[in-house]
Every structure is written in structure tokens, then in C-alpha cells.
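The values are calculated or read from the model by the stated rules, or taken from the named source; none is laboratory data. Source: prediction; values computed, not measured. So basically every Cβ, Gly included, is an ideal-geometry build from the backbone, and we count neighbours across all protein chains shown. Accessible surface is based on the protein model in full, side chains and every heavy atom, while ligands, DNA and RNA are left aside. Shrake-Rupley method; radii C 1.70, N 1.55, O 1.52, S 1.80 Å.
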Amino acid sequence: MTIQSLGVGSGLDLDGLVQQLIAAERQPKESRLNEKEERVEAEISGLAKVKSKLSGFQDIVDELKSDKEINGREPTIKNPTDDNDVLSAEAANSALRGSYAITVSQLASGSRITTEDGAFTSSSDALLSTGTGSLTFSVGADDSFTVNIDSTTTLADLREMINDSEENFGVTANIIETGTGAGPKLVIQSETTGEGNDLVITNDSGNTELDRLSTTGGATNISASNIEVAKNAIAFVDGIEVQSDSNKFDNTIQNVSFTAKEVSPKEAGENFIPSTLTIGYDKEGLKEKIENFVDNYNNLIKELDAQTKYGESDLEEDGALAGDSLIRSIKAGLATIIGDNVSTSALGGLFSLGVELNEGGELEISSTDFGLGSGEDRLESALEDSFDDIATLFTDENEGIAARLSDYLEQYTSSSGLISLREKTAKDDREEVYDDRETLELRMVSFEQTLRDRYLNLDQTVAQLNQTSSALLAVL
């Protein structure tokens, strides 16, 4: 007879037995694969977290090592009253500390030209009764543009042609309707400031009707009384007169530039009231950068510790990279750089800056004094007395802490770095686990078939014996 299902012929639970044997064969192998896969996945995750933290910290030190404003100067301005906004200022990192009394007596301006009274009766009348002509507007030898005029061009048209010229270098025109016998007046203003940078309007064609708009030649040209010349800005620094062809004074005070924004107010005696410009160190800005460096370093160390720790009890899990020698090596390398001397800085190292490693391997600016001053005291002292040396401590291209940290981290964070190589190895191990699972499944299918074949024969044999037994019993 044919047995379709194990145990049907014999009445024994052979199918259950087969399943138990399969489970007994599978369980230890599958447990080892599960354990390995869990370990590999944890390693991949841990390495990714470490690499991310290292890359983030590297971004911080890269920004720090190339920070041109790390030892920036801070210009502060005290104006006569809160209503005044006389100056703004900028200072290079090489500027010396000092205080200066500054007054502004004149702002820089461009020339301003106004047509004569009665030169025009209406802004809509044509400028020429017949023919054509042109006017050239120029300042010096480099800046100029020309406007062509014909018998249909009005004063209003000329205004728009001046303002809309593609070659216009900063000349604006407007019309003031006086409502008197003076008629409409065309006002032309140049943005080019500074003594000698006067706007000149030239009647190119010699058409006498255009002399009314010219500043040179002709009997009816615009007179000097209707021309305001371009002017320099004039200021007094500690009583010394200084001038600029713009409102910005560059290096009038060495490595400092200040911009005049309005004329200084006057006191009752008609004397200008000075504003006080003080150049000092941007201590708060630098202190914030130091504290930011400390915080980000500590965040990195916390992540390295979290990934490499061993659980203190059976209830606390180990870190994904518990005891990992590579991560321990990274932490030790970081501590070495942090503690090293920087010979190019008079401060020597971070300890003189008030920053030191604690027992946990993190940085701190302590408030406790053990005889050399607290970290906070040393930081304040360095900010006051060794301001520029702090920048060297971090940014010196050969020995600077930020520069060395960046180079050190690169060997771990780059695409060909040590962590990337570890990640590749771990991912290869994961693929191996996947392959082993597939092999196990194929093997279990074969193993099950072998068992079923074996117990099928048993089932058939027992079934035949049962039939024989039943037949004998029937005969007897």
C-alpha cells in the first residue's frame, strides 16, 4: 500500500518526530547565526554612530582651524546720544587696542546740477525746434554715457533717457515743477563722491538749444552757481583732520576702517560733539568658541564611551563595540593631541587656557583652584593678556590643536579611512551570515527529505506487520 502521510500506516506520530528532529538539528545552528547577525548589526550601527560623531567633530575643528575671526577685534562706538548714529566701524585682527574721539563735519557727496531759472517753460515741450543733438554725461576719463536727442524729445523724455541709459554709472535725473516763472527745473545728481569727481555735461553737437543743459561752453550754459561740486567726507580723529572721497575711511587708524553715516551733532558753542570709537578684543566671542569646542569634544567622548562600555551588571547591556581596540585607540589619540604642547603659542597648551582633561577623559573649565588658579581664572587671564596666542594655539598650521585634530580625524572619517574599512568588513560578515542562512535552509530541506524517506519505510514496514498480525489473528 502507498503511505501518503507519515504515521498513517503505523499509527505512530512519525510526522511529529520528524519535526522534532528537524528543530533539534536547526536550533543550535540558527542560534549561532542569529547571535552572529545580531553582533554584526550592532557593530555596523556602532561604527556608523562613531563615524558620524567623529565627522561632526571634524567639521567643528575644521571651522576652528580656518577661522580668520578667531582673534577678532571688537569695535564699540559711543555716540553723543542714543538718537545719533554717526559711525560704524570694522577692525582687522591685527588692529591695536585703543580709544579715539571722532567727529564728522561733512559727508561725502556727488555733484548736483540744476538747470537755470526760465530755461524751460514746460516739461512736455520739445528741447529742439529742429534737427538732432546729443549730451554726454561724464565724471573723469573713465565714466561717461551719451543721450541722443531729436526734435520730439521733451524735458520729461530726457529725464527718463538719463535714468534708463544702460551705460549710466550712477547719475539720476528728476524734474521739479516750480509753479513760478522759473518754470520746470531739471535736477541731475551724480553718485560718484569725492573732491574732483564732478559731473560734466557736454553739448556734443553744438546745437545752441542744448546749451541750456550743458555745463561747459555756450552763452546759455548752466552757471557755476547752479552746480554743487562733489565733496570729500571730512572727519577729525583726536582733533586731526582726515578726508576720504567716500564716507568710508580705510586705515586712517591702522587696520581699522570706519564709515561716516551722519554729521556729528553740535553743542551750544557750535563745536561738534565727538563719538568715541574703542577697539578692544572680542573676548566674549572667543570664549564662546572655546566653550563650544569643549562641549563638542565632550559629546564625542561620551559617544565613544557609550559604544565601548561593558555593562556593570547582568541587567545593563554592553556597548555595541565593547572593548573595541580601534575605538580605544581613537580616544587615546585625541587625548594625546589635547594634552600636547604647542611651541608656537606662548600659552603652551590648553591647560594655560584653563581647559584640562578630567578623570573621565572629558574636557572641563574648572572652578576649583588647586594652587595654579581655577580653569575659569586662567581662561579670563588668557583672554585678557594672551588673546592672539589663543588663536595660534588652535590654528597654527603645523602644531595647532584644531589643525592636528583635523588631520588625525581624517584617517578615521575618510571614505578610505580605518572606520570605513571596518564597516566594509562588518558588512561582508553580514553578507556571509545571509549566505549561511541560505545554506542552512537548503540543508534542512535535504535533511527533512532524508528523515521522511527513512520513516516512510518504517511506517510501511509497521503497517505490513500490522496487516499480517491482523490476518493471523483472524485465522486463529
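The residue that is nearest to residue 54 (Cα to Cα), among those in the range 293-326 that are part of a helix (DSSP H, G or I) and open to solvent by 60 Å² or more (accessible area, probe 1.4 Å), is 299.
Residues in the range 267-285: is at least one part of a helix (DSSP H, G or I), at pLDDT below 95 and open to solvent by 40 Å² or more (accessible area, probe 1.4 Å)? Explain how you work it out, then say what you get.
Applying the first criterion (part of a helix (DSSP H, G or I)) to the range 267-285 yields 283-285.
Now restrict to residues that are at pLDDT below 95: 283-285.
Still in the running and open to solvent by 40 Å² or more (accessible area, probe 1.4 Å): 283-284.
Yes, the range 267-285 contains a residue that is part of a helix (DSSP H, G or I), at pLDDT below 95 and open to solvent by 40 Å² or more (accessible area, probe 1.4 Å).
Answer yes or no: is there a residue in the range 253-261 that is over 29 Å from the mean Cα position of the chain (by Cα), farther than 28 Å from residue 52 by Cβ and buried (at least 16 other Cβ atoms within 10 Å of the Cβ).
Narrowing the range 253-261 to residues over 29 Å from the mean Cα position of the chain (by Cα): 253-254, 260-261.
Remaining after also requiring farther than 28 Å from residue 52 by Cβ: 253-254, 260-261.
When the remaining residues are screened for being buried (at least 16 other Cβ atoms within 10 Å of the Cβ), the result is 253, 260.
Looking through the range 253-261, at least one residue is over 29 Å from the mean Cα position of the chain (by Cα), farther than 28 Å from residue 52 by Cβ and buried (at least 16 other Cβ atoms within 10 Å of the Cβ).
Scanning the range 327-362 for residues that are open to solvent by 60 Å² or more (accessible area, probe 1.4 Å), out of contact with any helix residue (DSSP H, G or I) (no Cβ under 8 Å at 6 or more places or on another chain) and assigned to a loop (DSSP other than H, G, I, E, B) gives 341, 343, 359. Determine whether the range 238-251 contains at least one residue that is in contact with a Gly (Cβ under 7 Å, 6 or more places away or on another chain) and either hydroxyl-bearing (Ser, Thr, Tyr) or open to solvent by 50 Å² or more (accessible area, probe 1.4 Å) (or both). Looking through the range 238-251, at least one residue is in contact with a Gly (Cβ under 7 Å, 6 or more places away or on another chain) and either hydroxyl-bearing (Ser, Thr, Tyr) or open to solvent by 50 Å² or more (accessible area, probe 1.4 Å) (or both). With respect to (1) under 27 Å from the mean Cα position of the chain (by Cα); (2) of a type in the set (D, E, K, R); (3) surrounded by fewer than 17 Cβ atoms within 10 Å (Cβ to Cβ), the lone exception for residue 389 is condition (3). Residue pairs whose Cβ atoms lie under 8 Å apart, sitting 6 or more positions apart in sequence or on different chains, and linking a residue in the range 273-301 that is in contact (Cβ under 8 Å) with a residue 12 or more places away in the chain to a partner that is among the charged types (D, E, K, R) and open to solvent by less than 50 Å² (accessible area, probe 1.4 Å), are 279/73; 280/73; 281/73; 282/73; 289/67; 297/362; 298/362; 301/362.
Determine, yes or no, whether residue 353 is closer than 18 Å to residue 293 by Cα and not acidic (Asp, Glu). Explain how you work it out, then say what you get.
Numbers: closer than 18 Å to residue 293 by Cα: yes; not acidic (Asp, Glu): yes.
It is true that residue 353 is closer than 18 Å to residue 293 by Cα and not acidic (Asp, Glu).
The single condition from (1) modelled with pLDDT of 90 or more; (2) of a type outside the set (A, V, I, L, M); (3) under 29 Å from residue 330 (Cα atoms); (4) open to solvent by 10 Å² or more (accessible area, probe 1.4 Å) that residue 377 fails is (3).
Each row is one residue, and each column tells you yes or no for (1) in contact (Cβ under 8 Å) with a residue 40 or more places away in the chain; (2) more than 16 Å from residue 112 (Cα to Cα).
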| position | (1), (2) |
| --- | --- |
| 193 | yes, no |
| 200 | yes, no |
| 214 | yes, no |
| 218 | no, yes |
| 226 | yes, no |
| 229 | yes, no |
| 232 | yes, no |
| 237 | yes, yes |
| 242 | no, yes |
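Kindly evaluate residue 368 against the criterion of being part of a loop (DSSP other than H, G, I, E, B) and either open to solvent by 10 Å² or more (accessible area, probe 1.4 Å) or touching a Phe, Trp or Tyr at 6+ places or on another chain (Cβ under 7 Å) (or both).
Working: part of a loop (DSSP other than H, G, I, E, B): yes; either open to solvent by 10 Å² or more (accessible area, probe 1.4 Å) or touching a Phe, Trp or Tyr at 6+ places or on another chain (Cβ under 7 Å) (or both): yes.
Taking the combined requirement at face value, the residue satisfies it.
Candidates in the range 178-191 are the residues that are part of a strand (DSSP E or B) and surrounded by fewer than 19 Cβ atoms within 10 Å (Cβ to Cβ); of these, the one that is nearest to the chain's Cα centre (by Cα) is 191.
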